[in-house]
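Inspection log for the structure reproduced underneath, given as structure tokens.
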Amino acid sequence: MERTSTPAIDAVILDWGNVLHRWQAHRAVEGRIDPAVWEEMTASGEFTRWNLRWDAGATREEVLDALAAEQPTRPDKVEVMRTYWDHFEDTLTEPIPGTAPLVRTLLDAGTGVYCLTNFNHLLWRHGQGRVPELARFDGIVVSGRERLVKPGARIYRLLLERYGLTAERTLFVDDSAANVAGARAVGLVTHHFTTAAALHEDLAARGLLPAALD
């Protein structure tokens with residue numbers, strides 16, 4: 001957690017997955033594929049690599065075809081990624097406890113609130129409806145639409161420029177240490193999300209929220 005008193009923060013950017021709503025990738029595949037293949041792909045980082053291509057705007061078939069071409073002897077891996085996509089909605093399990101009241105209080109106070117998410121644009125319909133507060137946000141940037149992903153600098157700068165925000169007056173909140181580091185590198189103030197309680201403490205220290213919510 002970081003503390004600063006100057007300059008004041010007048011906008012907050014929130015990640016979607018595991019900040020606003022829980023995303024658990026294994027829920028799409030459990031009971032549907034060989035768990036040993038899932039373990040292999042997650043332990044090696046391969047699942048993350050292919051999923052990041054979806055986050056960057058690739059279609060379902062583009063990733064499946066690329067995987068099949070790269071590893072023609074591993075149709076089991078193709079099946080893992082196909083199953084993940086086809087059952088993606090099962091990965092979105094529940095709202096993160098305590099975050100929604102913080103967001104509503106920020107919005108009610110007139111603080112600029114934005115969302116910056118690594119999310120495939122074709123799957124975004126599943127995520128958007130899970131967080132009703134998004135309808136009140138001042139702006140939303142979805143990586144798949146922009147064909148840019150966190151933690152690359154360009155997607156942070158795109159959001160700042162699109163909505164006229166000043167990096168040093170904007171707090172970026174994400175559960176990924178890599179994404180937080182990427183935001184910090186372009187000058188954003190950052191909070192590495194762990195719990196809503198810790199975020200509340202940080203926001204209160206910055207004068208953006210009261211010490212206790214009703």
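Readers should treat all values here as calculations from the given coordinates under stated rules, not as data from a laboratory. Everything numeric in this text was worked out from a predicted model, so none of it was measured. Neighbour counts are summed over all protein chains in view; Cβ atoms, including those assigned to glycine, are modelled from backbone coordinates with ideal geometry.
Here are some notes:
- Descending by average beta-carbon neighbour count within 10 Å, the peptides 41-54, 10-23 line up as 10-23, 41-54, the highest first.
- Other-chain or far-sequence residues with amide H under 5 Å of Asp175's (modelled H): Phe193
- Estimated at 0.36 nm per residue, the fully extended path between Ala212 and Glu161 surpasses their Cα-Cα distance by 15.0 nm.
- MRE, 222 nm, helices only [DSSP H, n ≥ 4, -39500 (n - 2.57), over the chain, to nearest 500]: -12000 deg cm²/dmol
- Here's how it looks for His21: its modeled amide H is under 5 Å from those of Ile96, which are all 5 or more places away or on a different chain.
- Placing +1 on the Cβ of every Lys and Arg and -1 on the Cβ of every Asp and Glu, with nothing else charged, gives segment 25-91 a dipole about its Cα centre of roughly 80 debye.
- For Ala183, neighbours were defined as the other residues whose beta-carbon sits under 11 Å from its Cβ, and their charges (Lys and Arg +1, Asp and Glu -1) total +1.
- Signed unit charges on C-beta, dipole axis of the chain, positive-most listed residue Ala212, Ala177, Ile9: Ile9
- Cα→Cβ-extended label distance, 7 Å offset, between Ala198 and Ala66, nm: 3.2
- Projecting label points 7 angstrom from Cα along Cα→Cβ for Thr48 and Glu168 puts them 3.2 nm apart.
- The 3J(HN,Hα) values that the Karplus relation (6.51, -1.76, 1.60; θ = phi - 60°) gives for segment 81-86 are, in residue order, 5, 4, 5, 4, 4, 5 Hz. Gly and Pro appear as x.
- Crossing angle, helix 60-70 versus the chain [Cα axis fit, 0-90 degrees, rounded to tens]: 50
- Leading residue at positive end of dipole, the chain (Cβ point charges), from Thr166, Trp50, Ala197: Thr166
- Estimated Rh, segment 25-91: Kirkwood, alpha-carbon pairs, angstrom: 11.8
- Between Gln24 and Arg136, full extension at 0.36 nm per residue minus the direct alpha carbon distance yields a gain of 37.8 nm.
- Scattering profile of segment 100-196 at q = 0.16 Å⁻¹ [log10 I(q)/I(0), Debye over alpha-carbon scatterers]: -0.68
- Length-normalised contact order of segment 25-91 in % [C-alpha pairs under 8 Å, at least 6 apart]: 57
- Relative contact order computed over the chain (Cα-Cα under 8 Å; 6+ residues apart), in percent: 30
- Average projection area in nm² (convex hull over Cα atoms of the chain, one quarter of hull surface): 11.8
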